[in-house]
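Some notes on the structure that comes next.
The values are calculated or read from the model by the stated rules, or taken from the named source; none is laboratory data. Since we're looking at a predicted model, the values are computed, not measured. FYI the Cβ positions are ideal-geometry reconstructions off the backbone, even for glycines, and counts take in every protein chain you see. Accessible surface areas use protein heavy atoms only, side chains included; no ligands, DNA or RNA. Shrake-Rupley method; radii C 1.70, N 1.55, O 1.52, S 1.80 Å.
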Amino acid sequence: GRSAGGGEGVAAGGDRGMNAAEFQVTERARERFLAFVEPEPMSGCWLWQGHIGGGRQRVYGKFRTGGKGSPTINAHRFAFAAFSGQPLSTANVVDHRCRTPACVNPTHLEAVTQQENLLRGNTFQAANARKVVCLRGHEFSSENTAVQRSRSGGKRRICRTCRAERKRRAYREKAANR
């Protein structure tokens, strides 16, 4: 396929740390970028036809902002910075509202926190966040939900009713073994 980098060795890997101030969005860069875009009329997505990154990011397009030897950025981040008119910061990731990783249509992209991005997607965290009851059917209400922190700093919801039942059962078992 076509090389969005204008040369060999388009770097793979994340660019979350690169903000718009670290690369120039020139008219030439916009023109080069648009040469790798194919509009999809049914969804409105602009599908990236250039280089696709390797490793963990093998679903995202990559674009060299100034041609050969220049910084490489995820194509959707460049599209957001170049065409949305909104600032691109290192604190945010660019989310595909259309859920299509190859889409670079700036109207389908939104700058959000990493947590918001995870909760919007089809991830383990998102599935758990959408649950309204525990495994035994107790409601996850503010009164019946505790937050437990792991050693690594993560958090998870605990059903207080189930926790109380586990503690009562453990107490009875311990008393029976005395």
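For this structure, a couple of remarks:
- Residue (of PRO39, HIS76, THR90) at the positive-pole extreme of region 30-178, dipole from beta-carbon charges: THR90
- Cut-off under 5 Å, modelled amide H: who pairs with GLY67 long-range: none
- Counting only cysteine Cβ atoms and a cutoff under 4.7 Å, the chain contains unmatched residues CYS98.
- Computed about the Cα centre, the dipole magnitude for region 123-163 is approximately 220 debye when only Lys and Arg (+1) and Asp and Glu (-1) carry charge, each at its Cβ.
- In the chain, the DSSP beta bridges split such that about 95 percent are antiparallel, to the nearest 5.
- Interchain or long-range residues, amide H under 5 Å from CYS45's placed H: GLU40
- For the chain, the share of accessible area belonging to carbon and sulfur comes to 50 percent (1.4 Å probe, ligands and nucleic acids excluded).
- Table column - 3J(HN,Hα) (Hz), region 69-74, Karplus curve with 6.51, -1.76, 1.60, x for Gly and Pro: x, 8, x, 9, 9, 4
- Per residue accessible area in Å² of the chain, where ligands, DNA and RNA are left out and the probe is 1.4 Å: 64 Å²
- Environment charge at ARG149 (Cβ cut-off 10 Å; Lys +1, Arg +1, Asp -1, Glu -1): +3
- Listed residues ALA175, GLN115, VAL133: farthest to the positive end of the dipole of the chain (Cβ charges): ALA175
- The distance linking region 114-178 with region 33-91 is 39 Å (Cα centroid to Cα centroid, whole angstrom).
- Against the rule of thumb 2.2 N^0.38 Å, how large the Cα Rg of region 19-141 comes out: 1.24
- Residue-by-residue Karplus 3J(HN,Hα) for region 163-169, coefficients 6.51, -1.76, 1.60, Hz, glycine and proline x: 4, 5, 5, 4, 5, 4, 5
- Principal axis analysis of the Cα atoms in region 86-178 yields extents of 67, 27, 23 Å, listed in decreasing size.
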